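Just so you know, all these numbers are worked out from the coordinates, no wet-lab data involved. Everything numeric here is computed off the predicted structure, so don't read it as measured data. Every residue, glycine as well, gets a Cβ built from its backbone with ideal geometry; the counts of neighbours run over all protein chains shown.
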Amino acid sequence: MTNRFLARLGRIYLGLILFFLYAPILAMAAMSFNASEFYQLPFRFSTEWYERLWRNDEILTAAWRSVWIAVVVTVLATAAGTAASIALFRYDIPGKRILQVLLFPPIAIPWLITGTAMLIFFFGIGVGRGTPSVIVGHVALALPYVIVVVTARLSTFDRTLEEAARSLGAGPFTVTMRVTVPWILPGIVAGALFAFAVSFDQFVVSYFLSEPGDTTLPVLIYTAIRKGFTPEINAISTIIIGLSMAIMLVAARYAKFGGER
Amino acid sequence: MAVVRTEGLVKTYGATRALDDITLTFPDGGFFGLLGPSGSGKTTLLRAIAGFVIPDSGRVFIDDAPVENVPVEAREIGMVFQNYALFPNMTVAGNVGFGLEVRKVPAAERKRRVAEVLDLVQLGELGDRKPHELSGGQRQRVAMARAIVTRPRVLLLDEPLSALDKSLRVEMQIELKRIQREVGITTIFVTHDQEEALTLSDQIGILRDGRLVRHGPPREVYDNPRDPFTAQFLGEANLFSGTPEPGGLRLADGTLIPGAPTATIAVRAEDLRITLDEPAAPIRLRARLRQRIFAGAMGTCVLDWRGNPLKAIGRDQDFAGLPAQGDVWLSWDSADMIPLSEG
Ligand SMILES: Nc1ncnc2c1ncn2[C@@H]1O[C@H](COP(=O)(O)OP(=O)(O)O)[C@@H](O)[C@H]1O
Ligand SMILES: [Mg+2]
C-alpha cells in the first residue's frame, strides 16, 4: 500500500522536475515555430524565423565565431588536460595532491569573478582583450573538466598493462598511444564534449575578454535581448539547445566511466 | 639466451628490506624457481631484473653486461604477469604481435611468427578473439606466447599459475615446462608453491625477508635443507632440538635420540612412523595424536609432542589401526634425520 503510494509520489515528483526543466525550453522551441512575432496564440506553424535567421549575417557571424573558438578550445583543452591527467597518474610529482585538489575550485568559482580576474590578468600582462585572450580564458575554464573526467577513467586503468607493453619493448610514447589512450578514450571523448560545451555556452569570459564587435553567440543573444526580443533569438536558441543536448547526451553516454568496450 | 646475474642487490621500502644483499646467478637456458613466503621479496627481485625496480645498491648483469642504464623496454625481456595483463583492446594475435610490431618486424614475418607461437601454445585457432572471450588457461597461454614471441634473452614469470584452479594449474605446469624446453629461454619463475617450484625448476632459490636463504638444484636443497626455515618450507619437516651428549641428542623431555648428528634435526612428515604399541626401533617418542585427516590416497596425522605440533603423512592404510585421538608412539630411522645448522 504505502509502497505503491510512495512510488506514485516519486513519479509525480520526477514529473514536476522534468516539467520545470523542460517546459520553458519547449515553450521557446514552440514559439520559434509560431508565425506571430508577439507570441500570440493560436499557434500557426511557420519557419519564417529560421529563414530570417539564415539571412541574418550578424547572428551567423557570431555563431561561426562561437563554433570555431569552441573547436580550438576543445582541441587545446583536451590535449593539455589528457596529457596532464596521464602525467599526474603516472608520476609521483612533488605536490601532486595539492595540484589535484587545486583543480576543483575553478569549477565552483562564479564565472563573473573568474572573468573579472582574467580581464585584470590579461591587462596586467599587457595582452589585453582579443581573441587569443578569449581562447586562453576558455581553455582555462574547460581544463578542470577534462582533467576530472579523464582522471576518473584513468583510475580504472590497470598499470600492469603499461608495464607489459614496456617489457615487450615499447617506449613511453608508444605505450601511451597504443595502451593508455585506447583505454581512456571514452573519458577523452567525454572530456572533449564538456570542453566544447563550456566554451560554446560561455558568456561572461567571452563578454569581458572580447574586443568590441567580436561577439560570440551567447554575447550576441544577451545584447539582442536587451534591445528587444525577437523570435529569431528563439530560433537560434532552439538550435543551440538541440545541439547542446545532443552533445551532453553523447557525453553522458561516454562518461559512464569504467565500461568495458 | 643469456646468463642473468645479480650482485649484492638491496632495495628498501621505508623500514622494510624487500631485497637484502641478493647475489645470485641464473644459468643460461635454465629454469630457476624463486620460492618464498608472501612478502619475502620474490616480486621485487623479478622486477629489479626487469628494470621496474631500481635497486638502492647492487647490480644486475645480463650476459655479463651491467644493465642499470638500460631501460625496461631495451632489456629484451619477456614477462608474464600474475593477472596476465593482456591488452583488452587488441585481439589475441594483436597482443602476441605487439612486441614484434614495436620492433618494426615486417607484417608478413610478424604474421608467420605469431601463428608459429600460437601453435606452440596450442591456441592456433583463437587469433581473432579478444582477451575477454578466453578462459583463464587460454589467457595464460596468450600471455606466455606474447612474452616469448620476441625471443627475449630472459623470461620472467611472476606466479603465472596462481590465478588458475588446481587441476588446470597442474596441466599448465606441464605445458610451461614443455614450452620452456622447446624455446630454451633462461627462465626465472616466482612462486610461493613449493611443489610447483620443485616440479618445474632446474635450480631453486629460497627467499626469506629479502634474504637468499638457500639455492641449488631442487633435489639437493630438498634432501639437505641445512637450516630450519628451508626444512620447514620445503616439504613438511618436524624439528627437534636438544642438548648433544656422547650417546646422542637429549631432548627436553629426557628422551635420548641416538645417532642424532646435530643439536637440531628435522624429520620429514612422511618419515615418521606412528604405532599404538611401543616399537623396537632405537629412536622412539611418546606423543599424542590429535587429529587424523583423510585426503584421498594420502592421509595426515596431526600430533602433539610436549606442546609442539608435529605432522605425519602416509598412505591411509599406514594409519589404519590408530584411534581418532590418544597416546601413540612415534619412531623413525636414524638415516631419516636431517642435520640442521642452527636452533
Ligand atoms: N612499491 C612498494 N612500496 C612499499 N613496499 C613494498 C613495495 N613493493 C614491495 N614492498 C614490500 O617489500 C616486501 C617484499 O615484497 P614482494 O617482493 O612483493 O614480496 P613477494 O612477491 O615475495 O610476496 C614486502 O614487505 C612488501 O610489502
Ligand atoms: Mg609477489
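Between A:Arg4 and B:Asp304, what FRET efficiency comes out of the Förster formula 1/(1 + (r/R0)^6) with R0 = 56 Å and r the beta carbon distance, rounded to 0.05? Walk me through the numbers on the way to the answer.
Numbers: r = 64 Å, r/R0 = 1.15.
It comes out at approximately 0.30.
With everything on Cα atoms, drop me the angle between helix B:107-120 and the longest principal axis of chain B, reported from 0 to 90° to the nearest 10.
Helix B:107-120 sits at roughly 20 degrees to that axis.
If the cut-off is 24 Å between C-alpha atoms, which lysines fall inside it for B:Lys11, apart from same-chain ones fewer than 8 positions away?
Counting by Cα, and skipping residues close in sequence, B:Lys11 has these lysines nearby: B:Lys42.
Going by alpha carbons, how many degrees (0 to 90, nearest 10) lie between the helix axis of B:166-183 and the longest principal axis of chain B?
It is inclined by approximately 60 degrees.
Please say if chain B is rounded, prolate or oblate, where rounded means a/c under 1.5 for a ≥ b ≥ c the square roots of the C-alpha gyration tensor eigenvalues, and otherwise the choice is prolate for a/b larger than b/c and oblate otherwise? Let's see the in-between values first.
Details: a/c = 3.11, a/b = 1.88, b/c = 1.66.
It comes out prolate by the Cα gyration axes.
For chain A, modelled as a GNM with alpha-carbon contacts under 10 angstrom, which of A:Val150, A:Val75, A:Val139 fluctuates the most?
Among A:Val150, A:Val75, A:Val139, the largest mean-square fluctuation in the Gaussian network model of chain A belongs to A:Val75.
Please report, to two decimal places, log10 I(q)/I(0) for the range B:199-265 at q = 0.21, 0.26 Å⁻¹ as given by the Debye formula with identical point scatterers on the Cα atoms and no solvent.
Calculated log10 I(q)/I(0) at the listed q: -0.85, -1.06.
Please rank A:Trp111, A:Trp68, B:Trp332, fewest neighbouring Cβ atoms within 10 Å first, as an exposure proxy.
A:Trp68, A:Trp111, B:Trp332
Starting from 0.36 nm per residue, how many nanometres of slack lie between A:Leu99 and A:Glu211 once their C-alpha separation is accounted for?
On the way: separation 112, 0.36 × 112 = 40.32 nm, distance 3.28 nm.
Using 0.36 nm per residue and subtracting the Cα-Cα distance, I get 37.0 nm.
Report, as a whole number in µm² per second, the diffusion coefficient that Stokes-Einstein gives for chain A at 4 °C and 1.567 mPa s using the Kirkwood radius over alpha carbon pairs. Let's see the in-between values first.
On the way: Rh = 21.3 Å.
Result for D is 61 µm²/s.
Note the angle between two axes, namely the Cα long axis of helix B:136-148 and the longest principal axis of the Cα atoms of chain B, as a number of degrees from 0 to 90, rounded to the nearest 10.
The angle comes out near 60 degrees.
Per residue of the range B:296-310, what does 6.51 cos²θ - 1.76 cosθ + 1.60 with θ = phi - 60° give for ³J(HN,Hα)? Whole Hz please, x for Gly and Pro, Karplus curve as stated.
Values per residue, Gly and Pro as x: x, 5, 9, x, 10, 10, 9, 10, 9, 10, 6, x, 8, x, 10 Hz.
Would you grab the residues whose amide H sits under 5 Å from the one on B:Gly299? Only those 5+ places off in sequence or on another chain, please, with H modelled 1.01 Å from N.
Close amide H contacts, sequence-distant or interchain: B:Gly314, B:Arg315, B:Asp316.
Nothing charged except the Cβ atoms of Lys and Arg (+1) and of Asp and Glu (-1): what's the magnitude of the dipole of the protein assembly as shown about its Cα centre? Round to the nearest 20 debye. Before the final figure, lay out each step's value.
Details: 61 positive and 59 negative charges, 336 e Å.
Roughly 1620 debye, rounded to the nearest 20.
Determine the distance separating the Cα centre of the range B:13-63 from the Cα centre of the range A:25-102; give it in Å without decimals.
So the separation of the two Cα centres works out to 55 Å.
Can you give me the long-range amide H partners of B:Ile257? Hydrogens built in the peptide plane at 1.01 Å from N, cutoff under 5 Å, separation of 5 or more residues or another chain.
B:Leu249, B:Arg250, B:Leu251
Show me, bin by bin at 10 Å from 0, the whole-percent P(r) of the range B:101-230 based on Cα pairs.
The distribution over the range B:101-230 is 10, 37, 31, 15, 6, 0, given as percents.
Considering every pair of different Cα atoms, what Kirkwood radius, in Å, is found for the protein assembly as shown?
Values: mean 1/r = 0.0326 Å⁻¹.
Here the Kirkwood hydrodynamic radius works out to 30.7 Å.
Hydropathy first: keep DSSP H helices in chain A averaging at least -0.5 on Kyte-Doolittle, then drop any whose Cα extent along the axis falls short of 30 Å, and list what survives. Intermediate values should be presented prior to the final figure.
Working: long enough: A:2-32 (44 Å, 1.22); A:57-90 (49 Å, 1.24); A:131-154 (33 Å, 1.68); A:231-255 (35 Å, 1.38).
Those that clear 30 Å and a mean of -0.5 are A:2-32, A:57-90, A:131-154, A:231-255.
Counting only DSSP beta bridges with both residues in chain B, what percent are antiparallel, rounded to the nearest 5?
Details: 59 of 77 bridges.
Around 75 percent antiparallel, to the nearest 5.
Sorted from fewest to most neighbouring beta carbons within 10 Å, what does the list A:Met28, A:Met248 look like?
Numbers: A:Met28 17, A:Met248 14.
Result, fewest neighbours first: A:Met248, A:Met28.
Rounded to the nearest 500, what is chain A's calculated 222 nm mean residue ellipticity when only DSSP H runs of at least 4 contribute -39500 (n - 2.57) each, over all residues?
On the way: 13 runs with 197 residues, N = 261.
Helix contribution divided over all residues of chain A: -25000 deg cm²/dmol.
Label-point separation (nm) for A:Ile107 and B:Arg290, each offset 7 Å from Cα along Cα-to-Cβ?
5.6
Evaluate E = 1/(1 + (r/R0)^6) for B:Phe52 and B:Thr199, where r is the Cβ-Cβ distance and R0 equals 22 Å; express this FRET efficiency to the nearest 0.05.
Numbers: r = 27 Å, r/R0 = 1.25.
E between B:Phe52 and B:Thr199, to the nearest 0.05, is 0.20.
B:Ala281's amide H: which non-local residues (gap 5+, or another chain) put their own amide H closer than 5 Å, with H modeled 1.01 Å from N in plane and none for Pro or chain starts?
It is none; the list stays empty.
Using DSSP, restrict attention to beta bridges with both residues in the protein assembly as shown and report what percent are antiparallel, rounded to the nearest 5.
The antiparallel fraction comes to roughly 75 percent.
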